[in-house]
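Report on one structure; see the data block that follows.
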Amino acid sequence: MLSKPELRKNARIHRAELSRALPDFAERLAAFADALALPAAALAFYWPVRDEADPRLLAEALAARGHALALPRIVAKDKPLAFHHWTPRDSTLVNAFGITEPLKEAPPITPVIVFVPLLAFDRAGYRLGYGAGYYDRTLEALAEQGGAYAVGVAYAGQEVSELPRQPHDRRLDAIVTENGVRRF
């Protein structure tokens, strides 16, 4: 099996290819809002950068079904993400990493459902992230507060048979792709 850095490099290239091949991905993903069968609760999504799978139309569809929306903010290196309430009318800022975040003044929110970006996922529900550990730390912190339902957002072609795992790697509860929803 390749090392995580090698897997990340290959996965970035492959994801870029998938992004170009699926220009209607966000619309197709939004069609699965009901299939997710999520309780009306606060959910956190991410603002996609570069060729990440885009969850924004899905988040809007879920907001129309009663979900409060939140976006993450990077608080500090090696710390969990902080979530702040966000609506499409709210201003955002772009941080030093090029990631769109809610304004610091937006009300904090503890999500019950967290949509997670990824480079690859495997059939057991593990994801390959970017290596900084923000989402693993965040999901661990949320677990200590009662838990959160983690949903990976990906192109179906990002699935691999198996990923290397470390003790801190958090398994997803579900994945949503342009082909549907799968629970783990």
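Points worth noting:
- Checked against the criteria, residue 88 does not count as in a loop (DSSP other than H, G, I, E, B), more than 28 Å from residue 17 (Cβ to Cβ) and touching a residue at least 60 places away in the same chain (Cβ under 8 Å).
- Residue within region 27-39 that is modelled with pLDDT of 95 or more, within 19 Å of residue 98 (Cβ to Cβ) and touching a Leu at 6+ places or on another chain (Cβ under 7 Å) present: no
- Where a residue in region 61-84 is at pLDDT 95 or above and its partner, wherever it lies, is among the polar types (S, T, N, Q), with Cβ under 6 Å and at least six apart: 80/138; 81/138
- Evaluation of residue 57 against (1) under 14 Å from the mean Cα position of the chain (by Cα); (2) modelled with pLDDT of 95 or more; (3) assigned to a loop (DSSP other than H, G, I, E, B); (4) not charged (D, E, K, R) (one fails), failing number: (3)
- Pair list, Cβ < 7 Å and 6+ apart or interchain, from region 9-29 residues that are in a loop (DSSP other than H, G, I, E, B) to residues that are not basic (Lys, Arg): 22/155; 22/178
- Flag for residue 16 being surrounded by fewer than 18 Cβ atoms within 10 Å (Cβ to Cβ), more than 16 Å from the chain's Cα centre (by Cα), among the hydrophobic types (A, V, I, L, M, F, W, C) and more than 18 Å from residue 156 (Cα to Cα): no
- If the condition is being among the small types (Gly, Ala, Ser) and assigned to a loop (DSSP other than H, G, I, E, B), then region 34-49 contributes 35, 37, 40, 41, 42.
- Residues of region 123-141 satisfying the condition of being within 13 Å of the chain's Cα centre (by Cα) and assigned to a helix (DSSP H, G or I): 134, 135, 136, 138, 139
- Scanning region 144-176 for residues that are surrounded by fewer than 20 Cβ atoms within 10 Å (Cβ to Cβ), in contact (Cβ under 8 Å) with a residue 24 or more places away in the chain and assigned to a helix (DSSP H, G or I) yields a total of 1.
- Some residue of region 141-148 being touching a Gly at 6+ places or on another chain (Cβ under 9 Å), under 20 Å from residue 43 (Cα atoms) and either modelled with pLDDT of 95 or more or hydrophobic (A, V, I, L, M, F, W, C) (or both): no
- Any hit, region 106-122, residues being more than 17 Å from residue 43 (Cα to Cα), more than 17 Å from the chain's Cα centre (by Cα) and not acidic (Asp, Glu): no
The values are calculated or read from the model by the stated rules, or taken from the named source; none is laboratory data. Not measured: the values here are computed from a predicted model. Neighbour counts run over all protein chains shown; Cβ positions are idealised from the backbone, glycine included.
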